[in-house]
Amino acid sequence: MAKILVIDDEKSIRETLKEILEYEKHEVELASDGEQGLELFKSDKYDVVLLDIKMPKKDGLEVLDDLLAETTDIPIIMISGHGNIDTAVDSIKKGAYDFIEKPLDLNRLLVTIRNAMDKNSLIKETKTLKKQVNKTYEIIGESAPIQKVRTMIEKVAPTDARVLITGDNGSGKELVARWLHEKSERSSNPFVEVNCAAIPSELIESELFGHEKGAFTSAHKQRKGKFEQAHTGTIFLDEIGDMSLNAQAKVLKALEEKKVSRVGSDKDIHVDVRIIAATNKNLKEEIQKNNFREDLYHRLSVILIHVPSLNDRKDDIPLLAEHFNELICADYGVIKKLITPEAIKELQKINWTGNIREFRNVLERLIILCDKEITGDDVIAYAQPISK
């Protein structure tokens, strides 16, 4: 149940609220004016605050400002007397959760408190999940090559500049794209990822731009494409070097005109998206082979960020091992394994052709197969079992 702070100068209302809320198994503390309420609020943790608008010394709106200066995470429900409705509406604009008019409808009060608690729980859960996601997509390492990537992200992310990310498979191009989005002004809007290599060439246009009902045999209903889904956010075109020339022409049009048209329609749809692309291919060579449009390349490569391979930053292996050790053990619900210095040395000897993706898989294998610690002999035995 909730811990609730009631701030109201009318004793009868305070006592009534306390009686009702305690009957509902809530814990209740009372304050007879704004100053006392602020002192209690600063000295303890509450789940909900009930705050009267009209009070001596400090009125409710002043107290609301002070409470919101302390935290915006706790829902504040305003109690408004007759004639204070306009003021109550102003309080919502300031950041109050809701208001209830006097005389109090107790059923509505209880529903409002429950809804406020539910909303607060969702907000806390969302923040926790976002922290977990950010940790999962964290860029780990202190080597010079990875520091250069971080510096580029910090400089480029706040802009709307198009970015082309290059690097080997498994090196972490998606991480760079996600952080460019997370650190941009579009971060609260969609991040839409498209793996151009995983979509058949005959379906890539429908995937990117959507289609109208009946546009082709299996188009049973209208469908929004990825560009529309990413409106006001970021679209990440992964492995863009594998995109067909026809689709490339439409992407170029979308870049130039900020418009797309669904397959089976000649109607243009305005889209506001930031485009981040990635490839493991040398696009200049692909241009020479007539596999990639040169004009699209120049449109996409306003900023170039190259992600180093793991073999080019083996000094980061101790940090990466600790990071994945923590994540993987948490996923499995087991105590973190001790990774010995000898194990780290053996990991640094390996030729990581699969880069970070391969490294994570190897760490997971070692965590599953080893006991309390991972030794150098364990790495030799389990890291590359196929070659043994």
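The values are calculated or read from the model by the stated rules, or taken from the named source; none is laboratory data. What you see is a predicted model, and the numbers here were worked out from it, not measured in a lab. A quick note on method: Cβ atoms are made from the backbone with ideal geometry, for glycine too, and the neighbour counts reach across all protein chains shown.
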Q. Does Glu35 satisfy the criteria of being assigned to a helix (DSSP H, G or I) and either free of Cβ contacts under 8 Å to residues at least 40 places away in the same chain or within 19 Å of Ala96 (Cα to Cα) (or both)?
A. yes
Q.
When you check Tyr23 against the structure, is it out of contact with any strand residue (DSSP E or B) (no Cβ under 9 Å at 6 or more places or on another chain) and either surrounded by 16 or more Cβ atoms within 10 Å (Cβ to Cβ) or not polar (S, T, N, Q) (or both), yes or no?
A. yes
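Is at least one residue of segment 193-204 more than 22 Å from the chain's Cα centre (by Cα), part of a strand (DSSP E or B) and buried (at least 20 other Cβ atoms within 10 Å of the Cβ)? I'd like the intermediate steps shown before the answer.
First pass over segment 193-204, keeping only residues more than 22 Å from the chain's Cα centre (by Cα): 196-204.
Add one more test, that the residue is part of a strand (DSSP E or B), and what stays is none.
No, segment 193-204 contains no residue that is more than 22 Å from the chain's Cα centre (by Cα), part of a strand (DSSP E or B) and buried (at least 20 other Cβ atoms within 10 Å of the Cβ).
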Q | Condition check for Lys58: part of a loop (DSSP other than H, G, I, E, B) and within 18 Å of Val111 (Cα to Cα) | A | no
**Q.** Filter pass, Leu319 being of a type outside the set (Val, Ile, Thr), surrounded by fewer than 19 Cβ atoms within 10 Å (Cβ to Cβ) and closer than 23 Å to Ser143 by Cα
**A.** yes
Q) How many of the residues making up segment 179-200 are in contact (Cβ under 8 Å) with a residue 60 or more places away in the chain and in contact with a Gly (Cβ under 6 Å, 6 or more places away or on another chain)? A) 1
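Name the residue that is farthest from Cys196 (Cα to Cα), counting only residues in segment 275-312 that are of a type in the set (S, T, N, Q) and assigned to a loop (DSSP other than H, G, I, E, B). Working first, answer last.
In the first step, residues of segment 275-312 are kept if they are of a type in the set (S, T, N, Q); the result is 279-280, 282, 288, 290-291, 301, 309, 311.
Next cut, assigned to a loop (DSSP other than H, G, I, E, B) only: 280, 282, 290-291, 301, 309.
Details: Asn280: 12, Asn282: 16, Asn290: 18, Asn291: 14, Ser301: 17, Ser309: 22 Å.
The residue in question is Ser309.
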Q.
Being part of a helix (DSSP H, G or I), modelled with pLDDT under 95 and over 30 Å from Pro158 (Cα atoms): is that true of Ala321 here?
A. no
Q.
Regarding segment 221-237, can at least one residue be identified that is modelled with pLDDT under 90, in a loop (DSSP other than H, G, I, E, B) and not acidic (Asp, Glu)?
A. yes
Q. Counting only residues that are of a type in the set (D, E, K, R) and more than 39 Å from the chain's Cα centre (by Cα), how many does segment 8-64 have?
A. 12
Q: Within segment 240-268, count every residue that is closer than 30 Å to Asn169 by Cα and either modelled with pLDDT of 95 or more or part of a helix (DSSP H, G or I) (or both).
A: 15
(Q) As an exercise: evaluate Val379 against (1) part of a helix (DSSP H, G or I); (2) modelled with pLDDT of 95 or more; (3) under 21 Å from Glu138 (Cα atoms); (4) not basic (Lys, Arg) and give the number of the one condition it does not meet. (A) (3)
(Q) Suppose the filter is assigned to a helix (DSSP H, G or I), surrounded by fewer than 17 Cβ atoms within 10 Å (Cβ to Cβ) and touching a residue at least 24 places away in the same chain (Cβ under 8 Å); does Asp73 pass it? (A) no
Q: Go through segment 220-242 residue by residue and tally those that are loosely packed, with under 15 Cβ neighbours inside 10 Å and at positive phi.
A: 1
(Q) For Lys45, only one of the following conditions fails: (1) surrounded by 15 or more Cβ atoms within 10 Å (Cβ to Cβ); (2) more than 17 Å from Leu109 (Cβ to Cβ); (3) touching a residue at least 40 places away in the same chain (Cβ under 8 Å). What is its number? (A) (1)
Q: Considering (1) within 21 Å of the chain's Cα centre (by Cα); (2) within 30 Å of Pro308 (Cα to Cα), say which one Glu228 fails and leave the rest.
A: (2)
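Residues in segment 205-220 that are closer than 19 Å to Ser261 by Cβ and assigned to a loop (DSSP other than H, G, I, E, B): how many?
6
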Q. Tally time: how many residues in segment 334-368 are in a loop (DSSP other than H, G, I, E, B) and surrounded by 13 or more Cβ atoms within 10 Å (Cβ to Cβ)?
A. 6
Q. Within the set of pairs 6 or more residues apart or between chains, which connect a residue that is farther than 16 Å from Leu283 by Cα inside segment 241-258 to a residue that is among the aromatic types (Phe, Trp, Tyr) with Cβ atoms less than 7 Å apart?
A. Lys250/Phe209; Ala254/Phe227
Q: May I ask you to say which residue of Asp371, Asp331 is acidic (Asp, Glu) and in a loop (DSSP other than H, G, I, E, B)?
A: Asp371
Q: Output the residues belonging to segment 157-192 that are in contact with a helix residue (DSSP H, G or I) (Cβ under 7 Å, 6 or more places away or on another chain), closer than 21 Å to Ala254 by Cβ and either charged (D, E, K, R) or part of a loop (DSSP other than H, G, I, E, B) (or both).
A: Arg162, Pro190
Q.
So for segment 40-55 (the condition being in a strand (DSSP E or B) and more than 21 Å from Met1 (Cα to Cα)), does at least one residue qualify?
A. yes
Q) Can we say Glu154 is more than 29 Å from Val362 (Cα to Cα) and either at pLDDT below 90 or assigned to a loop (DSSP other than H, G, I, E, B) (or both)? A) no
